[in-house]
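To start, the structure itself, in structure tokens.
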Amino acid sequence: MALTGVLRAGFVQFRVLEMDEALAHYVDHIGLELVEKADDGRAYLKGYDEFDRHSIVLREADAPGVDVMAFKVGGAADLDTFEKRITDFGLAVDHVAAGEQPTVGRRIGFELPSGHRIELYAEMARSDNGPITENPDIWRDDPHGMRALGFDHCLLYGPNVAEVTRFFTEVLDFGLVEKVQTPDGPIAVWLTSSTKSHEVAFVEHPEPGKFHHVSFLLESWNDVGHAADIISRYDISRDVGPTRHGITRGQTIYFFDPSGNRNEVFAGGYSYFPDHPTRVWTPDQLGKGIFYYEKELNDRFLGVVT
Amino acid sequence: MAGSFTVTIADSGANFHCPEDERVLISMEKQGLRLIPIGCRGGGCGTCRVKVTEGSYRTRKMSRAHVSEADEQAGIVLACRLIPESDLVLGLAGEGNGVWNRAREQGGKGHGVNGSIACGIRPIPRA
């Protein structure tokens with residue numbers, strides 16, 4: 001297999017204020033499937049086009065925000081290889097036993113210089129309600145709500161983006177797809193382990209460990225418009241869009257879940273290969289980079305995080 | 001007005017009506033007003049933090065990262081989770097994040113880029 005090591009953004013566990021309200025949002029409106037509401041209160045969800053058992057984990061708590069973002073690696077041996085490389089880089093690695101999340105194998109975890117907890121895992125059960133593999137229809141059950149195919153990426157806010165970038169590129173073998181470069185270093189980076197335009201992105205921010213958004217993939221620009229219709233129809237808290245990013249070229253709309261965690265649904269974006277050069281934005285053109293049509297940023301998008 | 005209360009911003013004296021059972025920030029925004037900065041509208045980000053100085057009210061669950069139990073005792077709430085049970089007087093009680101400061105600098109317009117991207121990317125930390 002040509003794609004080895006870290007395969008993709010696998011799951012993200014984040015906090016919500018009220019679980020029932022959160023489930024109505026993610027299941028009824030975004031269109032995810034509730035896989036399990038576990039005894040410890042966590043809820044496990046997935047998109048209709050995802051093979052693995054779950055990709056979104058919600059935990060009810062007193063404050064919203066992200067607990068952990070986890071990447072799936074190709075095999076169990078990769079966990080040992082990466083543990084050594086991460087330790088050699090200078091980050092402390094801890095271990096999460098298999099089964100801490102249902103059907104998920106052992107995980108290794110560490111805290112980035114940005115204050116975010118990241119984990120790697122190799123095993124999760126295949127969903128019994130994932131995409132069909134024999135003479136496959138395009139879906140099993142009619143997609144509903146915004147028709148999200150699945151979890152795509154996260155954007156995380158925190159300090160030390162230059163160091164985080166060095167970690168992802170040198171230790172986890174990610175590609176640096178795009179960046180916003182200042183004379184003092186990068187202030188925003190888009191990183192990938194695959195041919196997707198990004199699996200994770202970081203923006204420089206003084207407070208560590210902040211959550212800017214979790215993003216879900218849609219099939220088309222038309223579905224982004226359909227998502228906008230749902231946002232208005234059900235009075236979902238909209239942030240920005242529908243519009244398009246210069247960076248990654250994705251077509252997008254941003255909104256908030258009922259606890260204030262930002263969501264994105266998006267379509268499009270180009271493919272990346274490891275021999276491609278990094279695309280670079282200068283700060284004076286950042287408005288166009290983030291919102292290609294408006295060509296200006298807004299304070300809420302820049303500053304509001306959980 | 002039956003079934004509606006008056007919400008007054010102490011600093012400016014500006015006021016608007018908020019129907020009973022409606023959240024103060026949501027009602028304000030529907031009327032096209034920007035008297036209180038608007039963030040996530042879900043009790044999570046702290047942008048619309050205010051201190052209620054007069055009146056009775058109830059709230060829905062708010063992020064403890066932005067409203068501690070002591071804050072809550074002192075009348076500090078998030079306007080997006082604030083439901084009036086009488087006329088209210090409140091003051092802005094932002095935590096000094098970039099959104100709040102810039103909204104105030106811009107006289108409540110709450111939007112726009114001043115050309116300093118780094119300023120936008122790096123909001124001023126909480127006091």
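Given a Förster radius of 30 Å and the C-beta distance between A:ARG249 and A:GLU207 as r, what FRET efficiency does 1/(1 + (r/R0)^6) yield to the nearest 0.05? Once the sixth-power term is evaluated, E becomes 0.55. Site pair B:ASP11 and A:THR278 shows an inter-label distance of 4.0 nm when each label is modelled 7 Å from Cα along Cα→Cβ. Note down the net charge around A:GLY246, summing +1 for each Lys or Arg and -1 for each Asp or Glu among other residues with Cβ under 15 Å from its Cβ. Value of the local net charge: +2.
Summing Cβ point charges (Lys, Arg +1; Asp, Glu -1) relative to the Cα centre of the range A:132-289 gives a dipole of roughly 380 debye.
Let me spell out the model: positive unit charges on the Cβ of Lys and Arg, negative unit charges on the Cβ of Asp and Glu, origin at the Cα centre of the protein assembly as shown. What dipole size does that give, in debye rounded to 20?
Approximately 1080 debye in magnitude.
Averaging the Cα positions of each part gives two centres, and for the range B:37-99 and the range A:146-202 these lie 34 Å apart.
Cross-link pairs exceeding 27 Å in C-alpha to C-alpha distance, out of A:LYS210/A:LYS288; A:LYS72/A:LYS210; A:LYS295/B:LYS51; A:LYS210/B:LYS51, comprise A:LYS295/B:LYS51. Label sites at A:TYR270 and B:GLN73, each approximated as a point 7 angstrom past Cα along Cα to Cβ, lie 5.8 nm apart.
Ellipticity at 222 nm from helices only: DSSP H runs of n ≥ 4 in the protein assembly as shown, each -39500 (n - 2.57), divided by the residue count, give -4500 deg cm²/dmol.
Other residues lying with their Cβ under 14 Å from the Cβ of A:GLY90 contribute a combined charge of -2, Lys and Arg counting +1, Asp and Glu -1. Restricting attention to the range A:1-80, close to 75% of DSSP beta bridges with both partner residues there are antiparallel. Of the beta bridges in the protein assembly as shown, as assigned by DSSP with both residues counted there, near 75 percent are antiparallel. Put a plus charge on the Cβ of each Lys and Arg, a minus charge on the Cβ of each Asp and Glu, and nothing anywhere else: the dipole of the range B:4-94 about its Cα centre is then about 400 debye. If you take all other residues with their beta carbon under 9 Å from the beta carbon of A:ALA43, and give Lys and Arg +1 and Asp and Glu -1, the sum is +1. Is the C-alpha gyration tensor of chain A telling us rounded, prolate or oblate? Criteria: a/c under 1.5 is rounded; beyond that, a/b larger than b/c is prolate, otherwise oblate. Note, shape of chain A comes out rounded. Applying 1/(1 + (r/R0)^6) with r as the Cβ-Cβ distance of A:ALA24 and A:ASP88 and R0 = 60 angstrom yields a FRET efficiency of 0.85. Listed by chain and number, the aspartates and glutamates whose alpha-carbon sits under 18 Å from that of A:LYS37, ignoring those within fewer than 8 places in the same chain, are A:GLU18, A:ASP20, A:GLU21, A:ASP28, A:ASP52, A:GLU60, A:ASP67, A:GLU100, A:ASP128. Across the range A:32-41, rounded Karplus estimates of 3J(HN,Hα) from the backbone phi angles (6.51 cos²θ - 1.76 cosθ + 1.60, θ = phi - 60°) give 6, 9, 7, 7, 6, 9, 7, 4, 7, x Hz, Gly and Pro being marked x. With R₀ set to 25 Å, the beta-carbon distance separating A:THR133 from A:ALA2 gives a calculated FRET efficiency near 0.75. With neighbour counts taken as other beta-carbon atoms within 10 Å, the residues A:THR133, B:THR47, A:THR87 rank, fewest first, as A:THR133, A:THR87, B:THR47.
Since every read-out is calculated from the coordinates, none of them should be taken as a lab result. All figures in this text were calculated on a predicted structure; none of them were measured in a lab. When we count neighbours, we look across all protein chains shown, and the Cβ atoms used for this are built from the backbone with ideal geometry, even at glycine.
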